[in-house]
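Reading through the C-alpha cells given below for one structure.
No lab work stands behind these numbers, since they all come straight from the coordinates. These figures come from a predicted structure and were not determined experimentally. Neighbour counts are summed over all protein chains in view; Cβ atoms, including those assigned to glycine, are modelled from backbone coordinates with ideal geometry.
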Amino acid sequence: MATTTSTEGEHPVAPSAETKPPESITEIQSETPRSKIEDTGNRDITDLRSTIGKKMDNEFNRCDVDIFTNNYLPFIPPQAERTACLERLHANGVIEPNGSGRYRFSAFRGNLRPGEVTENSHFAPLEDIAKGVAETKLRGRQVNFVYSPCQDTPIRGDIPGSNNRVDACFEKKSDSAHGRGKRSAKAKASKSELHTSGLAVAMEFKTGSSTDDVIDNRVKVVSANVQIMNDDPTRMFSYGISITGKRVTLWYFSRSHSVASSSFDFNDNPLTFITVFMAFMFATPAEMGYDPTVIRHKEAPGYYTYKIPKSANVPKDRFFRTVNIISEYRTSNIAGRRTRVWLVEEVESFEYNADLLSGGEGRCVLKDVWLENDAATEQEIQERIFHDIETSKQEHHPDEDPLKKMKADYAHLYDNKAYQRYFLTIAADYVGEKTKLVPKGVKKTTGLFVNP
C-alpha cells in the first residue's frame, strides 16, 4: 500500500520455548483485504483490548526471527560493530561466558520462578544493556532513540482513549529525559513525559511464561500500537517487543500487514538481542516509521504541517498547516486506508509559526489516505475523467442517440473547460512511501490472541 496526500482548493467540503497457544498458519495474501471499519469513538484503549485482539487476529502474519531481522528491522548494523558492542558489554560485566563457549547476560543467569521478583526489578538490567549499546560507534549514525522504563507513566495522545501504559519503550531521544539532560529518578517517574508521538517501540514484559502471560503480552503490545497508529499522523509503520520469561518476540505494524517473529531466548542469543537494540537506537526517524513529510507541532498539540515535495508537477516544496480535523475515525485495527481529512492553510515552511504563503492557496482541504498499491490517486482519476470529456467532443452520435441531445444541451460546458467548475480543484498531489513488501517465509496466521 502507498500513502497519498492531496490538497483541494476552492471548495472545502464536509466529511464525506514459551508456552504458546495453538495457531493456524496459511499462505499470506498479496493484498490486504478490505474490511468493515468500526469507529471506536472515545472508548479507553484498555477497554478495547479484547476487541483489538479479535480484529487484529485477521491481519497478522508470522515468520522466523532471522527473516524478521533481515527484512523488518530499521537496518542491519555491520557485523564488526555488533561484535565490538558484544566485547564492550563483556568488558563492562554486562555479559559473561556461559561455560559453553558462548555469552549470556550476567543479570539473567539462572532460572526465574514466577512471583519471585517484580517485573520492574527483574527487567531493570535492560537499561544497562541499552546504555552499553549506546556507547557503540556506528559510522554515519548516532543514537536517535533511547530505552526508557516507563511502567508507571500513562501514555498521552492527541485523540481520546489513550489511557494505557507500557512496561518500557524506545522513544525519541529529543522527547526523553535523556534528550533533555535530566535523567533523574524524578524525571523517570514523571507522569507527563510519554506521548504517542515519541513512543517508537512499545515493550511489554512478563516474568512468567504461561499461555495467559503470552496472550496478555501480545494483546498489550498490539493495542498500544493500534493507539499509536490511530493517534499519530506522522507514522507510516511502528514496532513492538514482548518478553515473556526469557523469550523475545519482535513486532511490526503497517497499513498493509503486520508481522510477529518467532520467539527467541535473549539470554542464549545475546548477539541477536543486541542487534535489535542497536537497530532501534541508531535508526533514523524515517527508518523507524516516521513520515518525513509530516511534522507534529509540540507547541500546539494536535496540529501538524504536511509537506508536498517538489516534483514534475510541483515546482517547489509546498507546506500546509492543519487548522482543524474535518473527518477521521479511530479503529480497533491497523490495516486499511485510515483516511484523514483536514482543513489546512498554505504556509511558507515546516515551522509552527510559519507565515501564511503570500499568493498561496489560503485555506483548503487536505486528504491523507493509504491506497492499494495499484490504485489510482484522486488526481489521476480526475485527469482521466477530464480526458474522456475532452475526447467526447470529437465523438459523433446518430440522431436517435440520447447522448447527441445531451451534448447539445450542455455544449457550453466544453468552452474553456467550464465543466471543471463542477469538480474539486486539486491544488497539489503527492504519493508517499510504500509499505514493505512481504518477504518469502512470512505466513498468514490466526489465533495469536486467543486463549483456547
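Data table
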{"item": "Under 10 Å, Cβ to Cβ, from N71 - net charge with Lys/Arg +1 and Asp/Glu -1", "result": "+1"}
{"item": "Highest-first arrangement of 391-398, 437-444, where packing means the average Cβ count within 10 Å", "result": "437-444, 391-398"}
{"item": "The stretch 92-162 - percent relative contact order, Cα under 8 Å, separation 6 or more", "result": "20 percent"}
{"item": "Gain upon complete extension [K131, N98; 0.36 nm per residue less C-alpha separation]", "result": "9.7 nm"}
{"item": "Ranking of Y414, Y239 by count of other Cβ atoms within 10 Å, fewest first", "result": "Y414, Y239"}
{"item": "Burial order of peptide ranges 156-168, 68-80 (average beta-carbon count within 10 Å, highest first)", "result": "156-168, 68-80"}
{"item": "Karplus 3J(HN,Hα) series, Hz, for the stretch 333-338 with 6.51 cos²θ - 1.76 cosθ + 1.60 (x for Gly, Pro)", "result": "9, 10, 5, x, 6, 6"}
{"item": "Cut-off under 5 Å, modelled amide H: who pairs with A427 long-range", "result": "T7, E8, G9"}
{"item": "Gap separating the Cα centres of the stretch 229-246 and the stretch 114-138, nearest whole Å", "result": "19 Å"}
{"item": "Centre separation in Å (Cα based) which lies between the stretch 401-440 and the stretch 303-333", "result": "21 Å"}
{"item": "Paramagnetic reach from S349 in the stretch 302-330 [backbone N under 19 Å; point 7 Å along Cα→Cβ]", "result": "304-310, 316-322"}
{"item": "Expected 222 nm ellipticity per residue - DSSP helices of 4 or more, -39500 (n - 2.57), all of the chain, to 500", "result": "-6500 deg cm²/dmol"}
{"item": "Cα-based shape type of the stretch 379-425, given that a ≥ b ≥ c are square roots of the gyration tensor eigenvalues and the cut on a/c is 1.5", "result": "prolate"}
{"item": "Residues I381 and D409, FRET efficiency given R0 of 25 Å [Cβ-Cβ distance, rounded to 0.05]", "result": "0.45"}
{"item": "Principal axis box of the chain, alpha-carbon based, largest edge first, Å", "result": "93, 49, 43"}
{"item": "Entries in K137/K367; K307/K436; K137/K307; K310/K436; K220/K440; K220/K307 that, when Cα-Cα distance is taken, lie over 31 Å", "result": "K137/K367; K137/K307; K220/K307"}
